[in-house]
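Since the structure comes first, as structure tokens, the remarks are kept for the end.
Computed from the coordinates by the stated procedures, all read-outs in this text should not be read as laboratory data. On a predicted model such as this, the values are computed, not experimentally measured, just so you know. Ideal geometry is used to build each Cβ from the backbone, glycine not excepted, and the neighbour counts take in all protein chains shown.
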């Protein structure tokens, strides 16, 4: 369908004075907080060779890249994910830097989205990456940053759903891609009956079926971790529970008020290897932030180091600011 050149392309937006002021307010609060925690700002390129985003992020992101071919014939893509770009940067330009490395950013990401959907193709994000520390202390530092920036912006009604991919991933790894995807969708919907049926059809063991049947109920405050430990299917699941319990012990009571543990958390980019979380703000009908541990990502770019980080959608935070 023909569109007038007076219109912006679907998924993009014009920002007028008030829109800009709100976003600048969010960014100013973020960089002030990040500096207090010792994070240095970095700015990766607006476009990279597409392999930077396809190597570790999985097909979910690879299918949404906005690609083009440069004059040398190489396929490049607009920045679809800050974490992948910063991992590439840290593994090369900061390869010899003293560990741990604390980096922060704010800028735009570009992804193909369905026209008329809830997400734009061009969005502002802010976030942080902590590289070189594999401990639960690092996980909590990143989680604390996300909580603190929301509080500093005056946003009080929010929830962070925390899980660990090591609890769920072993239950799906032995299945065919199609069966694993059907189970993943049922887990995501917390659909206990469909989940049990898919698990039987996929031929999973009785032990795995028991865990899958319990997954929709394994969501709540820290006490749910004890219930999860009782049904853990393997050593990886046990390690996931211990890691989450270690993190919970480091959180303050005020921070715990915003944290809900969800052992059936399966959404997110393919590079997560441990704890992962999603951020929900009251009044917004979808997650406005994501985070987690991605210990294998830097190794894809030549420097095998543990890392953890998060990203929040600046646009959503700007719209949620109190008057």
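What to note about this one:
- GNM flexibility winner over the chain from 66, 241, 142 (Cα, springs under 10 Å): 66
- The chain: angle of helix 136-152 to the longest principal axis, Cα-based, in degrees nearest 10: 50 degrees
- Taking only the C-alpha atoms of the chain, the Rg (one decimal) and the largest Cα-Cα distance, Dmax (whole number), read 20.0, 61 Å.
- Residues considered: 226, 61, 263. Largest GNM mean-square fluctuation over the chain, using C-alpha springs under 10 Å, is found at 226.
- A simple spin-label model places pseudo-atoms 7 Å from Cα toward Cβ; at residue 74 and residue 321 they are separated by 3.8 nm.
- Between helix 17-36 and the chain: long-axis angle, C-alpha atoms, 0 to 90°, nearest 10: 60 degrees
- Among 52, 20, 140: highest mean-square fluctuation, GNM of the chain, C-alpha pairs under 10 Å: 20
- Using a simple spin-label model with pseudo-atoms 7 Å out from Cα toward Cβ, residue 250 and residue 19 lie 3.9 nm apart.
- Mean residue ellipticity, 222 nm, helices only, the chain: the sum of -39500 (n - 2.57) across DSSP H runs of n ≥ 4, divided by residue count and rounded to 500, is -12000 deg cm²/dmol.
- With the simple model of a label 7 Å out from the Cα in the direction of the Cβ, residue 242 to residue 200 spans 3.6 nm.
- On the principal axes of its alpha-carbon atoms, the range 1-69 has extents of 49, 37, 20 Å, going from largest to smallest.
- Remark on the range 4-44: hydrodynamic radius 12.8 angstrom, per the Kirkwood mean of 1/r across alpha carbon pairs.
- Cα point-scatterer Debye curve for the range 158-281, base-10 log of I(q)/I(0) at q = 0.22 Å⁻¹: -1.32
- Mean projected area (nm²) of the alpha-carbon convex hull when the range 28-168 is viewed from all directions: 10.8 nm²
- What the pair-distance distribution of the range 155-203 shows, using all Cα-Cα distances binned every 10 Å from zero, is 24, 47, 18, 9, 2 percent.
- Kirkwood Rh and Cα Rg combined as Rg/Rh, the range 223-287: 0.98
- Kirkwood-based Rg to Rh ratio, the range 189-248, C-alpha trace: 1.01
- On full extension, the segment bounded by residue 43 and residue 62 gains 4.7 nm, given 0.36 nm per residue less the C-alpha separation.
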